[in-house]
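Engineer: Handing you this structure, nothing more for now.
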């Protein structure tokens, strides 16, 4: 301790305090303050930039989500439209099939009716022709057969016989 | 705290190692030169005292800036360097060049007064330069108050200038380069940030650290640069000077106590708070408060002693090892001490940084105590 006190120099202490005080003041004003504020500004800037980037990222994600949603919606709509179209098509086909069937049936019925009436007419015609022919044949047969008395008698007998059977 | 103790222990170990080496050297030289004639042994002893004196001289402040000295062919001791102004207060201001002392060989006569440079201190003497001693061989001559611009003052000034231009340059480079430092500032900016983020912020707290930053930065770089300058061949032992460390620690002390909050003072004068009833305090506080008050002074005192002792020890170890080279003068011993001196130099570069860090760190810690603000009931 005594050695320390002996070594202590008041002059050096004075100069050290004075010069260091001056240095402290000058550095405070001209160096540390601008350095610390510049560093602080830079750090704030970096922080802000990072936050902005984060925001942008989030926004980007939102946009992507939105567009995905839109895409999904569009896809669903297309799907729905296609389905509807298919349904319409099926319905149309079914409808036209029905109509065609109805029409066909109608036509067939008409045709059948026409055929029936034709047939009837034809049958009637045939009947009348057959009747005429029969009458002609019968006339000829009877004319020939009635040329002979016996034959006439026989015929009468036969006819009578037929009547009996009836 | 352990780390700090470790460095102190390291320095102590260095001293022990040196002591051991010195003892070994004495033994070796004693054996080696026992066979030779007496005069050689005498010259060896002279060399030893010369080295011892040289180290003692180096550790002290000096009134002239000597770079080196040598003895020429005519056996004259020549000094290379430049004189510095001597400023004395002795019933009036006296200023003269230190060249008047001729390195302590002559008296300086100023206005009819005679001054003598004796062991790096200036004494007032009579016309023939008599120094009177007391029983313990201390000079009893009158000592005028010495405000001389000594070697240390010059180095403080140079360091101050260097720091100013360095950090002014760094501050300016931000504006020039869009917020990014250029040149040497790129090296120093991370250190500034380290002091802010790892010393000031955790110890003082987010709210108040900004107030103490300029002081912390200034002492850190001031101590570090001066420590490093002490390791250069200029060999100025500025931070190993008690007046310097005292001035630095005094500033820490003043900053701590002048910025102390109410909680800080409550901590000193009412350390137990509500945890103890008043009659308990009546018994304990006459012991506790003086201890707390003593702590106020012990904290900066430990700062000043730690820095002083570490730098002083480093210089002693280094110079002793270098001195050993001249004592050994052998093919084995001298390279060995050179290697050791080199290794210690490397350690000293680390210590230079470490001591600056410790001083700053502990100052920040004390500022943290002073800046404390909390609900007293839930603390401790």
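The values are calculated or read from the model by the stated rules, or taken from the named source; none is laboratory data. Since we're looking at a predicted model, the values are computed, not measured. Cβ coordinates were reconstructed from backbone atoms using ideal geometry, including for glycine residues, and neighbour counts include every protein chain displayed.
Engineer: Tell me the residue from A:48, A:105 that is over 28 Å from the mean Cα position of the chain (by Cα) and under 30 Å from residue B:179 (Cβ atoms), please.
Structural biologist: A:48
Engineer: Applying the selection to the stretch B:139-159, what residues are out of contact with any strand residue (DSSP E or B) (no Cβ under 8 Å at 6 or more places or on another chain) and surrounded by fewer than 16 Cβ atoms within 10 Å (Cβ to Cβ)?
Structural biologist: The answer is B:157, B:158.
Engineer: Given B:369, B:297, which one is surrounded by fewer than 17 Cβ atoms within 10 Å (Cβ to Cβ) and not in a loop (DSSP other than H, G, I, E, B)?
Structural biologist: Only one candidate qualifies: B:297.
Engineer: Just wondering, is there one or more residues in the stretch B:107-115 that are closer than 23 Å to residue A:19 by Cβ and at pLDDT below 80?
Structural biologist: Filtering the stretch B:107-115 for residues closer than 23 Å to residue A:19 by Cβ gives none.
No, the stretch B:107-115 contains no residue that is closer than 23 Å to residue A:19 by Cβ and at pLDDT below 80.
Table: residues versus (1) assigned to a helix (DSSP H, G or I); (2) modelled with pLDDT under 85; (3) more than 30 Å from residue B:373 (Cα to Cα).
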residue: B:233; (1), (2), (3): no, yes, yes
residue: B:245; (1), (2), (3): yes, no, no
residue: B:251; (1), (2), (3): yes, no, no
residue: B:255; (1), (2), (3): yes, no, no
residue: B:312; (1), (2), (3): yes, no, yes
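Engineer: Hey, another quick one. Could you tell me whether any residue of the stretch A:49-59 is surrounded by 10 or more Cβ atoms within 10 Å (Cβ to Cβ) and within 14 Å of chain B (Cβ to nearest Cβ)?
Structural biologist: The answer is yes; a qualifying residue exists.
Engineer: I'm told residue B:115 meets every condition in (1) under 23 Å from the mean Cα position of the chain (by Cα); (2) buried (at least 16 other Cβ atoms within 10 Å of the Cβ); (3) not assigned by TED's automatic domain parsing to the domain that holds residue B:300 except one. Can you identify the failing condition by its number?
Structural biologist: (1)
Engineer: Follow-up question, since we're still on this one. Residues that are within 32 Å of the chain's Cα centre (by Cα) and surrounded by 21 or more Cβ atoms within 10 Å (Cβ to Cβ): does the stretch B:283-293 have at least one?
Structural biologist: no
Engineer: In the stretch B:141-151, how many residues are more than 8 Å from chain A (Cβ to nearest Cβ) and not in a helix (DSSP H, G or I)?
Structural biologist: 4
Engineer: Within the stretch A:7-19, work out how many residues are within 8 Å of chain B (Cβ to nearest Cβ), in a helix (DSSP H, G or I) and out of contact with any strand residue (DSSP E or B) (no Cβ under 7 Å at 6 or more places or on another chain).
Structural biologist: Looking only at that region, the number is 8.
Engineer: Listed residues B:221, B:229; which is within 30 Å of residue A:3 (Cα to Cα), in contact (Cβ under 8 Å) with a residue 24 or more places away in the chain, within 12 Å of the chain's Cα centre (by Cα) and buried (at least 16 other Cβ atoms within 10 Å of the Cβ)? Steps first, please.
Structural biologist: On the way: B:221 fails: within 12 Å of the chain's Cα centre (by Cα).
So the residue among B:221, B:229 that is within 30 Å of residue A:3 (Cα to Cα), in contact (Cβ under 8 Å) with a residue 24 or more places away in the chain, within 12 Å of the chain's Cα centre (by Cα) and buried (at least 16 other Cβ atoms within 10 Å of the Cβ) is B:229.
Engineer: Further question on the same structure: Mind checking which pairs have a first residue in the stretch A:37-48 that is facing another protein chain (nearest Cβ under 9 Å) and farther than 18 Å from residue B:211 by Cβ and a second that is exposed (fewer than 12 other Cβ atoms within 10 Å of the Cβ) and at pLDDT below 90, Cβ under 9 Å, 6 or more apart or different chains?
Structural biologist: Filtered contacts from the stretch A:37-48: A:38/B:175.
Engineer: Next question, about the same structure. For the subset of the stretch B:160-215 comprising residues that are more than 11 Å from chain A (Cβ to nearest Cβ) and not in a helix (DSSP H, G or I), which member is surrounded by the most Cβ atoms within 10 Å (Cβ to Cβ)?
Structural biologist: It comes out as B:208.
Engineer: Can residue B:154 be described as more than 26 Å from residue B:257 (Cα to Cα), in a helix (DSSP H, G or I) and at pLDDT 90 or above?
Structural biologist: So residue B:154 passes the test.
Engineer: Moving on. Quick test of your reading of the structure: residue B:102 fulfils all but one of (1) closer than 22 Å to residue B:316 by Cβ; (2) without any contact (Cβ under 8 Å) to a residue 40 or more places away in the chain; (3) surrounded by fewer than 16 Cβ atoms within 10 Å (Cβ to Cβ). Name the failing condition by number.
Structural biologist: Exception for residue B:102: condition (1).
Engineer: On to the next question. Do you know which of the residues in the stretch B:120-134 that are in a loop (DSSP other than H, G, I, E, B) and either in contact (Cβ under 8 Å) with a residue 60 or more places away in the chain or more than 14 Å from every other protein chain (Cβ to nearest Cβ) (or both) is surrounded by the fewest Cβ atoms within 10 Å (Cβ to Cβ)?
Structural biologist: Ranking the candidates gives B:128 first.
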